[in-house]
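Notes to accompany the following structure.
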Amino acid sequence: MTLNKSKELLLEMKNIHIDGFSDERWHKILKGVDLTLHRGEILGLIGESGAGKSTMGKAAMGYTQPGCKIIKGEINFNGIDLAKLTEFEKRKIWGTKISYVAQSAAASFNPAHRLMEQTISAANRLKINPTDVLKKDAVQLYESLQLPDSENIGDRYPHQVSGGQLQRIMTAMAMSPRPELIIFDEPTTALDVTTQVEVLSAMRSIVDKFNTAAIYITHDLAVVAQMADRIKVLRYGEEVEEAETREMLSNPKEEYTKSLWSVRSLIKPEETNEDYMLSIKNIDAAYGSSKVLHNVSIDIPKGKTVAIVGESGSGKSTTARVITGLLPQLKGEIIFDGKKLSPKLEQRSKEELRRIQIIFQMPDTAMNPRQTVDEIIGRPIEFYQGIKGEEREAKVIELLKMIELDETFLDRLPSELSGGQKQRICIARALAANPDLIICDEVTSALDQIVQEGILKLLQNLQKELGVTYIFITHDIATVKAISDEIVVMYQGEVVEQGLKSKILNPPYPDYTELLLSSVPEMDPDWLTNLLNKRSS
Amino acid sequence: MLRLSLGLVTVFAFSVIIFSTFSFLPGDFATEILGQSATKSAVKALRAELGLDKPPVTRYFDWLGNVFQGDFGSSFSGRSKVQGDQGDRSREVVGLIVPRLKNTLFLTGVAAMLAIPLSLILGISAALYRNSYYDRSATGVSLVTVSSPEFFTAYIFILLLATLFPVFPTISNVDEASTLAERFYRTALPVFTLTLITMGHMMRMTRSAIINILSSEYIEMAKLSGASRYEVIVKHALPNAWAPISQVIAINLAYMLIGSVVVEYVFNYQGIGRLMVGSVYNRDLPVVQACALIFASTYVILNLIADLIGIISNPRLLYPK
């Protein structure tokens, strides 16, 4: 990542206004954003969801999603105003001069065609090189992206390779016609931290190699710090600030930018307890014939927070399903507050059900969209505690105050709430049962950084007030640092280690924990370079 | 393989249902043929001869055993009323059905060949120009054709193309001697009717299958890599739409076959549908059962083919991980 790149202007977007149509009316998505990009330069575009960063990225190609339109503005790419071109003229630029790497590689490849065919399809359209030359070139690209079996991987179909590999193949596909600009739209958001490192380094080296300009869109500051020469922060469709990466990280000017940085500073002193709320012993569990948990034993101290970490497929959520009784274990036992719990949900008493509650990752799908907040929170109060009428009403309002909302929310439907408010309602619903143990399954991963911080603080305060025990399932190490007392590391259905936060997060580490922790991006722009040097030595 | 055996089980279950339904029909062939005033002994004798006196379970397995050997039994009708009469004109069911089945297959085959490509083209183009006037009128008209009953559509065609503008005949008489050109000419109206009643559904489903796929992320990706409209539809959307489309086509071909019962009656076409209606009227059990079994098996076979297309067109099923 050199800073002395050429100053030849490649893309200049001026005063971009884009409107989107939803809920029967037009909304402003972008309100006059400017953007400049020089040849070979990488610009990071960051912001929370709804900031308009993705819309801006696509607008750089002169493309808007169905239901959106460019109201005003100029998009000068190599001296041509893309906003004025017809669909047909733009198609000659798309995929060949400017290419696009999407967030979800798995959904963005056509399931019906082989990967090689899709990799070279755009370059094929140029009709400069014959197909076999393009195929050879694609194999070389696969190789420089460190894909396994680069000779033959192109013969496979998208469903036959992993998500991380697909993302790299999509980068190869974007690179195949040697474009002048690549738009990376949250390319690593759907990946595990360990995979993310590989994909990031592969993308960075190949963009460097061909001196391609890029716009890198993400909500993760630490990631953008590794990739970008300059960073632009967007919020509510407007620019907050823009600066060179190092300058931005060391000296953010705007309050909002500072608040984005501060999330990771939340810290909780660790404590433990010899008295266990829940112990699971030697659990085996399977979905059908594929076994996913192998001899898992975890102890959860009373009134404390245990974080279960690991990448997707490590068995974190399955463990939660076993504890709640949704998936009865094949072997082993669950001891809850000194008593054995029966594996099956139907055989547990109402009291046992009341004492263990769960909060899910997606508040949107975890609530009945036709029920009001009052019904959602009121029902567990009625069901578990038999409280009705005005008393129930008072309880619901008390709970709403606890989650820092008020009675004006009583009659609202989930669709009338923001993402963070929805998750708060889900927390209140869990609290309504007056539980001793709450399982939080990735409760903050669908939320923006600032909202995440609010939810984590709320959960901590509730623990202080009510003494409730948490099992916190997450793949985000920053969250773990912020909230946990103890940490359990899982890998491929087994517990790698369990212990106090200070013990797990400090050396010496077992191999897997080392890999997991070192893969978590840090705000230091040299982090990736240093990590790769360290790993290769 | 599992699908194939499931298909067989379905056909078998159908045979039980068909057999038991007709066994429980009020009245039987013996009373029908001998009339209300027949003596009890005469009825009894005829029943014994036809094997109707045996318990239903035995009759079912006898029938099933014969069917497996390709023998659907003899038709009840056409036989002489007096036992041992030399003029026994009873006919083998197979001999009765085969020429008519050929006629029906010809009719539905021609209709299918017209309806399938037309509805695919209309459906795809409607998806391509979604919400245009063309799309709106195509989906609107198709709704009308789907909603009108077969006989109504048939009579409209007769009114327009046979009475007001006498282009085609109203009666579709064909026999062994008819040439191919003659057959096309005479069956034109029933073919049009069958085409029209099935096309609407197929076209609408093709349209919505394509639209469904057009909103997926890989289509946006294809557009952003510079694919033209034609390429997006033909190369990226269609290969993923075959499974739902083939299902709809299978259902409609089966519907066409069943719709032919009415259409053949209206146009007096010597097909299997007309034969079945006539046989039900005469309580001619072996013929009715054979026809019903043929309809059921066709339905199962069509669905099997659709499933097969679904598997072949989907690499996920064809090439497991």
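Annotations for the structure displayed:
- The range A:68-88 residues that are in the same structural domain as A:Lys58 (by TED's automatic domain parsing), paired with ones that are among the aromatic types (Phe, Trp, Tyr) (beta carbon under 8 Å, 6 or more apart): A:Cys68/A:Phe21
- A:Ile356 being crowded, with 21+ Cβ neighbours inside 10 Å and touching a Pro at 6+ places or on another chain (Cβ under 7 Å): yes
Listed here are the residues, each with its yes/no results for (1) modelled with pLDDT of 90 or more; (2) surrounded by fewer than 19 Cβ atoms within 10 Å (Cβ to Cβ); (3) under 22 Å from A:Ser176 (Cβ atoms).
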{"site": "A:Leu43", "(1), (2), (3)": "yes, no, no"}
{"site": "A:Gly47", "(1), (2), (3)": "no, no, no"}
{"site": "A:Ser54", "(1), (2), (3)": "no, no, no"}
{"site": "A:Lys69", "(1), (2), (3)": "no, yes, no"}
{"site": "A:Asp81", "(1), (2), (3)": "no, yes, no"}
{"site": "A:Glu89", "(1), (2), (3)": "no, yes, yes"}
{"site": "A:Lys92", "(1), (2), (3)": "no, yes, yes"}
{"site": "A:Gly95", "(1), (2), (3)": "no, no, yes"}
{"site": "A:Ser121", "(1), (2), (3)": "no, no, yes"}
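- Pairs where the first residue, in the range B:292-321, is in contact (Cβ under 8 Å) with a residue 40 or more places away in the chain and within 13 Å of another protein chain (Cβ to nearest Cβ) and the second is surrounded by 14 or more Cβ atoms within 10 Å (Cβ to Cβ) and basic (Lys, Arg), C-beta under 8 Å, 6+ apart: none
- Residue within the range B:156-169 that is in contact (Cβ under 8 Å) with a residue 24 or more places away in the chain and small (Gly, Ala, Ser) present: yes
- Qualifying residue in the range B:269-286 (condition: within 14 Å of chain A (Cβ to nearest Cβ) and either within 14 Å of the chain's Cα centre (by Cα) or part of a helix (DSSP H, G or I) (or both)): no
- Taking the criterion of being closer than 29 Å to A:Asp299 by Cα and either outside any helix (DSSP H, G or I) or touching a strand residue (DSSP E or B) at 6+ places or on another chain (Cβ under 6 Å) (or both), the residues of the range A:512-537 that qualify are A:Tyr512, A:Thr513, A:Ser519, A:Val520.
- Look at the range B:47-67: where a residue is touching a residue at least 40 places away in the same chain (Cβ under 8 Å) and surrounded by 17 or more Cβ atoms within 10 Å (Cβ to Cβ), no partner that is of a type in the set (Lys, Arg) and not in a helix (DSSP H, G or I) sits 6+ places away or on another chain with Cβ atoms under 6 Å.
- Test: residue in the range B:194-208 that is among the hydrophobic types (A, V, I, L, M, F, W, C), in a helix (DSSP H, G or I) and surrounded by fewer than 20 Cβ atoms within 10 Å (Cβ to Cβ): no
- Residue list for the range A:465-508, filter: basic (Lys, Arg) and either under 21 Å from A:Gly420 (Cα atoms) or touching a residue at least 60 places away in the same chain (Cβ under 8 Å) (or both): A:Lys481, A:Lys501
- Condition met for A:Ile128 (out of contact with any Gly (no Cβ under 8 Å at 6 or more places or on another chain) and surrounded by 21 or more Cβ atoms within 10 Å (Cβ to Cβ)): no
- B:Thr153 more than 14 Å from chain A (Cβ to nearest Cβ), hydroxyl-bearing (Ser, Thr, Tyr), outside any loop (DSSP other than H, G, I, E, B) and more than 30 Å from A:Pro66 (Cα to Cα): yes
- In the range B:210-229, the residues that are more than 7 Å from every other protein chain (Cβ to nearest Cβ) and among the basic types (Lys, Arg) form Cβ pairs under 8 Å with partners that are surrounded by fewer than 22 Cβ atoms within 10 Å (Cβ to Cβ) and in a helix (DSSP H, G or I), at six or more places apart or across chains, as follows: B:Lys223/B:Val232; B:Arg229/B:Leu128.
- The range A:129-235 holds helices (runs of 4 or more DSSP H) entirely within its bounds, and those carrying 2 or more residues that are under 30 Å from A:Val309 (Cα atoms) and at pLDDT below 85 map to A:163-175, A:193-209, A:221-227.
- Residue satisfying all of: in the range B:265-297; surrounded by fewer than 19 Cβ atoms within 10 Å (Cβ to Cβ) and among the β-branched types (Val, Ile, Thr); nearest to B:Pro149 (Cα to Cα) among these: B:Val277
- Of all residues in the range B:244-264, those that are over 20 Å from B:Arg204 (Cα atoms) have Cβ atoms under 6 Å from Cβ atoms of residues that are in a helix (DSSP H, G or I) and of a type in the set (Asp, Glu), 6 or more apart or on another chain, in B:Val262/B:Glu150; B:Val263/B:Glu150.
- Matching residues in the range A:154-169 - criterion: being farther than 24 Å from B:Ala237 by Cβ and within 14 Å of chain B (Cβ to nearest Cβ): A:Ser162, A:Gln165
The values are calculated or read from the model by the stated rules, or taken from the named source; none is laboratory data. Please read these numbers as outputs of a predicted model, since none were measured by experiment. Cβ sites come from the backbone with ideal geometry, for glycine too, and all protein chains shown count toward neighbours.
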